[in-house]
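Since the structure comes first, as structure tokens, the remarks are kept for the end.
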Amino acid sequence: YLRPMYDALNTIMDTNLLNKMIDQNIIEVAPLAYMRGRTLNNSFIVLDEAQNTTKEQMKMFLTRLGKNSKAVITGDVTQIDLPNAFSGLVHALPLINKISGISVCEFKNTDVMRHPLVKKIIKAYEVKN
């Protein structure tokens, strides 16, 4: 389940460099469940697939931010996989959008950087809905 993050890191750096940075604790890839109780100082934190967080998990993550740190939260609200919970990302967006120092960037199908067919698939789903 952490593979997508490793895949993304491997697209921007050599595997040997990535492994070295992980060994030196410069880069840490951790499940959201391991964030509770932590304060992340001097860090750049990425929460990926945030559409699948619960409201409680999102609040917990947002309150881990420490001194000299920045966080990026990514998620696609059209791909929520939570069977019996309300998406923490959907809940948080209207709340955090009002806070000075926080920016929200919404991407459209024209921003897709995957295979050209992916844009067509997204469009087909948008027309269907």
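In straight-distance terms, cross-link reach from Lys70 covers every one of the lysines whose alpha-carbon lies under 29 Å from its own, apart from those fewer than eight places away in the same chain; here that gives Lys20, Lys55, Lys59, Lys98, Lys108. Within the chain, the percentage of alpha carbon pairs spaced more than 25 angstrom apart rounds to 35%.
Checking every one of the trypsin sites (Lys or Arg not before Pro) in segment 47-92 against DSSP loop status and a limit of 13 other Cβ atoms within 10 Å picks out Lys67. Helices in the chain, meaning DSSP H runs of at least 4 residues, each add -39500 (n - 2.57). Divided by all residues, the mean residue ellipticity at 222 nm is -11000 deg cm²/dmol. For Phe86, the accessible surface of its heavy atoms amounts to roughly 110 Å² (probe 1.4 Å, protein chains only, rounded to the nearest 10). Rolling a 1.4 Å probe over the protein chains gives Glu49 an accessible area of about 100 Å². Once backbone amide H atoms are built at 1.01 Å from N, Ile45 has Lys70, Ala71, Val72 as its partners under 5 Å, excluding neighbours fewer than 5 places away on the same chain.
Count Lys and Arg as plus one, Asp and Glu as minus one, and take only other residues whose Cβ is under 12 Å from that of Ser43; the net charge is then +3. What the chain shows is 79 Å² of accessible area per residue, with the surface traced by a 1.4 Å probe over protein heavy atoms. Of the solvent-accessible surface of the chain, computed with a 1.4 Å probe over protein heavy atoms with every protein chain present, carbon and sulfur atoms account for 55 percent. If you sort the three axes of the alpha carbon gyration tensor as a ≥ b ≥ c, you get a/c of 1.5 or more for segment 1-53 and a/b no higher than b/c, which makes it oblate. For the options Val77, Val118, Val46, a Gaussian network treatment of the chain with springs between C-alpha atoms closer than 10 Å singles out Val118 as fluctuating the most. Counted by Cβ distance under 12 Å from Met21, the other residues give a net charge of -2, where Lys and Arg count +1 and Asp and Glu count -1. Counting Lys and Arg as +1 and Asp and Glu as -1 over every other residue whose Cβ lies under 12 Å from the Cβ of Asn109, the net charge comes to +1.
The values are calculated or read from the model by the stated rules, or taken from the named source; none is laboratory data. Predicted, not measured: the structure shown is a model, and the values here were computed from it. Neighbour counts are summed over all protein chains in view; Cβ atoms, including those assigned to glycine, are modelled from backbone coordinates with ideal geometry. All accessible areas refer to the heavy atoms of the entire protein, side chains included, with ligands and DNA or RNA removed. Shrake-Rupley method; radii C 1.70, N 1.55, O 1.52, S 1.80 Å.
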